[in-house]
Amino acid sequence: MNTKSKIIKIDQSIQFLPQCTSFSVIGDPGCEGLGTSMMQVYANALEEASRDDFILIAGDLVPIGDARHYRTICDITNSLSEKDVYVLRGNHDTGAYCDSFGLMNYALIRPDFTIVVLDNAMRRFDPEGLELLGAVLSREDCNNVVISFHIPLPNNFIKNCVSQEEYEKLRKVYLPYKDKIKYFVCGHVHSRFEDLVDGIPFICTGGGGAMIEDVSQDIKASDIDYHIVRFQCKSGTLSHEIIDLGDRPYTREIKDSIAKEKLADTVKGELYAHLHYLTFAERAEKRGYDKIANLFYALAESEYRHARSFFSILNKTQPFAETGKSFIANEVFEYEKLYAIMQDYSKEQDLPLSRQAYRDAAAAEKIHADLLKEAVDLDNFERDTIYVCPVCGFVMTDEKERCPICGAPARVFKEYVAGRA
């Protein structure tokens, strides 16, 4: 366990780094909340980034900048990171930022490369930051410069960026030293894209925790996975690569056999509570107790979210495009093998309800597998309405008068329409 803080609180605007050749950038770990499922991604990113000499977080560590949230993210970071962590301020990192992280404009200098961190969280570059940038760029020992900030510069992909006027303030400072600058790096956008600004490579990375979002028709959420950006300096040349996190899962809890077992038990317990509350909510609703039903629907949702948090610690997150495909084998195994075996066992032991439940579930699982096979082709999946029988769970892709498995009437079917919550 780390006993020393890994987060470096900046107290001087110029920091001279010891010998190092690599660093990683993590973008936007906490702006949508510090729930366990998002922090699992951040933990994953910290583990992978700890392979490098140090880490830079490109803003939005927290959803709101109060002391409690900063304390939470600092505790997680200090516990999980094996290397020094530097941060810059994002638009969510307000309030007590300086109390936890120090100065908002600073430079990290070593002989092979230089990182200049500029605060533009309020969509403007501070005069003191621009003055620092000019002073650093004019130094003879300043090479392979990376200029990092939170809000993107004007670019070819998104309009969610600083104004052209603000960019011109930055450009006026760096232009005399343009040849020294190797990268612009920012966060803010929960995705990833690469562009050129004034002929300089520009990397926008927001794949460190917040839910990945669509950027444009050309850059969809389904195209981007959680990731970090790794920079390496070899023979005086600074280069980068994108490291997707899907194949590098967070493993600390999984390696602890007791914690792993208890987490799995907790997931089961929370899901049992979810089902218990949901079943009672449906009973209350049918009897006209709408307020009671509403309470238990809310409690059921809460228990589901608890289960999801615990499950996220155990779950290996796969690349989005491959995830749907990975479910097919399990569905096929259930209806071809497991449920068939349990039906036979239930028949032998004269357990009629178990036999019926496994029979009905097997019929649904086959449809699940067929639909998942269709959905492998994400962009050409055409089914926009799905019906589920709430009595037995059978899945249908067209309207029927009654469930073909249990006979329930169509009026009770649950209808799922694409794009409708």
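The values are calculated or read from the model by the stated rules, or taken from the named source; none is laboratory data. Just so it is clear, the structure is predicted and the values come from calculations on it, not from any experiment. Glycine also receives a Cβ, built like all others from the backbone with ideal geometry; neighbour counts cover every protein chain displayed. When the accessible area is computed, the model is the full protein with side chains, heavy atoms only, and any ligands, DNA or RNA have been set aside. Shrake-Rupley method; radii C 1.70, N 1.55, O 1.52, S 1.80 Å.
Convex hull volume of the Cα atoms of the range 290-421, normalised per residue: 161 Å³.
For the chain, modelled as a GNM whose springs connect Cα atoms under 10 angstrom apart, the maximal fluctuation among Lys268, Lys347, Lys234 occurs at Lys347. When both bridge partners sit in the range 25-158, DSSP labels roughly 30% of those beta bridges antiparallel. Think of a 1.4 Å ball rolled over the protein heavy atoms: the chain then has 52 Å² of accessible area per residue.
Applying both filters, DSSP loop and at most 11 other Cβ atoms within 10 Å, to the GluC sites (Glu not before Pro) of the range 346-385 gives Glu382.
Near Pro63, once Lys and Arg are set to +1 and Asp and Glu to -1 for all other residues with Cβ below 15 Å from its Cβ, the sum equals -2. Taking the charge dipole of the range 365-415 about its Cα centre, with +1 at Lys and Arg Cβ atoms and -1 at Asp and Glu Cβ atoms, the residue from Ile386, Ala369, Cys406 reaching farthest to the positive side is Cys406. Phi angles of the range 182-199 translate, via the Karplus equation with coefficients 6.51, -1.76, 1.60 and θ = phi - 60°, into HN-Hα couplings of 9, 8, 9, 9, 9, x, 6, 8, 7, 6, 7, 8, 10, 8, 10, 10, 6, x Hz per residue; Gly and Pro are given as x.
Structure shown: which of Lys255/Lys366; Lys220/Lys255; Lys325/Lys366; Lys9/Lys159; Lys325/Lys400 lie over 23 Å apart, alpha-carbon to alpha-carbon?
Checking Cα-Cα distances, Lys255/Lys366; Lys220/Lys255; Lys9/Lys159; Lys325/Lys400 exceed 23 Å.
Comparing Cα centroids, the range 340-391 and the range 1-62 end up 44 angstrom apart. For the range 88-159, GluC sites (Glu not before Pro) are listed when DSSP marks them as loop and at most 13 other Cβ atoms sit within 10 Å of their Cβ; the list is Glu140.
Restricting the calculation to Cα atoms, the chain yields a radius of gyration followed by a Dmax of 26.1, 86 Å. When only alpha carbons are used to place a centre, the range 399-413 and the range 140-162 end up 57 Å from one another. Qualifying trypsin sites (Lys or Arg not before Pro) in the range 153-220, where qualification requires a DSSP coil assignment and no more than 16 other C-beta atoms within 10 Å, comprise Lys159, Lys220. Here the chain carries DSSP beta bridges of which approximately 55% are antiparallel, counting only pairs with both residues inside.
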